[in-house]
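Here's the structure, in structure tokens; my notes come after.
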Amino acid sequence: MSVFGSLWLSASTREAREPDAGDAARAPRLAGQENPRMADSRFRERYGPMAVVTGAALGIGRGFARRIAARGLDLLLADKEVDTLEETAEALRKQHDIDVVTVGADLSTVEGVERVASEALAHEVGLLVNNAGVGHTGWFTEIPLEDHLVEIDLNIRATLVLTHRLGRDMLERGRGGIIFVASNSSEHGSPSVANYAATKAYIRMLGEALFAELEEHGIDSLALSPGLTRTRSISRSVGDELARKLGAMEPEDVAEEGLRALGKRPALIAGSRNRLHAILTRDFMPRASALRRTMRRMQKTGLGKPARPREP
Ligand SMILES: NC(=O)c1ccc[n+]([C@@H]2O[C@H](COP(=O)([O-])OP(=O)(O)OC[C@H]3O[C@@H](n4cnc5c(N)ncnc54)[C@H](OP(=O)(O)O)[C@@H]3O)[C@@H](O)[C@H]2O)c1
């Protein structure tokens, strides 16, 4: 099932895509900027030798895996799509000459989370990216309760358990980093993805709080909130054309922004356009208007169907 960010960013559908930190990462270096080799070496010292990324076969998780591999860290990648995960891992091994361990696991289950945690604890993990997440769209009471509970199990429970288990290890070593992939739908309530957005608010709050708790122990924490991002689930649900018109970001650009912000701030909304829309709607618009506008936009794109609860 798919996951969704806030659709506020759709205000200008004909606007050209703005440059973001991901573009900057690939742009030629300007005078006065840190040598990329030095930056990568500092990254490895602080977060190496191995990073764990959940939901890494595709989408934003694969974007993280690629950008971390480019910095020279070994990887432990976890996902329930075992074949695709292995393809992603093999491509990274060949391209970057790094070790990549794969763990096939359904992280919405107790057993799946335990498998990933035990495998990770057998290595020296300096970076954890809590990325795997799921979101169901529609009227809250129309979505089966089991689907809501899977959102809690994957988005919240798996994140909590992995952070607790691997965080303790990092604490003993006195260094590391943890990225919590939230969503900008959690900046305020998000009708049509009500429970999903609420789980992402939990993740954002956890990530922000740990920024202050862990920094004096040498561990960086970042809550990263992507807006609409052109992942497979989004392409399937809204289509590539509409995703582009809505200003969807590329997964690797979202990941690059997150990696660059780690250790510098507690939270980041990915993409300058998403940041602007979040500020305008969260801080300047009456909350009731913001909520109604979000609902209309979700329905307009088809993400928020059904528009009204069905008759009993
Ligand atoms: N894409 C967006 O617009 C967007 C916006 C805001 C926030 N986010 C957040 O960003 C994160 C990544 O989103 P995405 O769109 O890149 O994800 P995605 O494309 O839907 O999924 C990425 C990978 O995670 C796997 N996965 C799903 N459920 C899993 C489970 N229970 N255990 C293990 N792996 C599982 C998926 O497998 P399957 O394909 O088999 O499900 C897929 O391989 C999520 O936390 C999401 O909430 C996304």
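Rule-based calculations on the coordinates, nothing more; no lab input. Small disclaimer: the values here were computed from a predicted structure and weren't measured. Cβ sites come from the backbone with ideal geometry, for glycine too, and all protein chains shown count toward neighbours.
Key figures for this structure:
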{"quantity": "Distant-in-sequence amide H partners of Thr229 (H built 1.01 Å from N, under 5 Å)", "calculated": "Gly5, Met249"}
{"quantity": "Residue-span extension gain [Glu172 to Glu213] - 0.36 nm each, minus C-alpha spacing", "calculated": "13.3 nm"}
{"quantity": "Histogram of C-alpha separations across the stretch 127-219, 10 Å bin width, %", "calculated": "17, 45, 25, 11, 2"}
{"quantity": "Cα-centred dipole magnitude for the stretch 36-301, charges only on beta-carbon of K, R (+1) and D, E (-1), debye, nearest 20", "calculated": "1320"}
{"quantity": "Span-like helix ranges in the chain, DSSP H, alpha carbon extent 24 angstrom or more, Kyte mean at least 0.0", "calculated": "194-215"}
{"quantity": "Coordinate range along principal axes, alpha carbons of the stretch 185-305, Å, largest first", "calculated": "46, 32, 23"}
{"quantity": "The chain: relative contact order as a whole-number percent, Cα under 8 Å and 6+ apart", "calculated": "24"}
{"quantity": "Interchain or long-range residues, amide H under 5 Å from Leu75's placed H", "calculated": "Ala51, Asp99, Val100, Val101"}
{"quantity": "Spread of Cα-to-Cα distances over 10 Å intervals beginning at zero, given as percent, for the chain", "calculated": "6, 28, 36, 22, 7, 1, 0"}
{"quantity": "C-alpha center-to-center spacing [the stretch 145-223, the stretch 72-123] in angstrom", "calculated": "19"}
{"quantity": "Built amide H within the under 5 Å cut-off of Gly176, gap 5+", "calculated": "Asp220"}
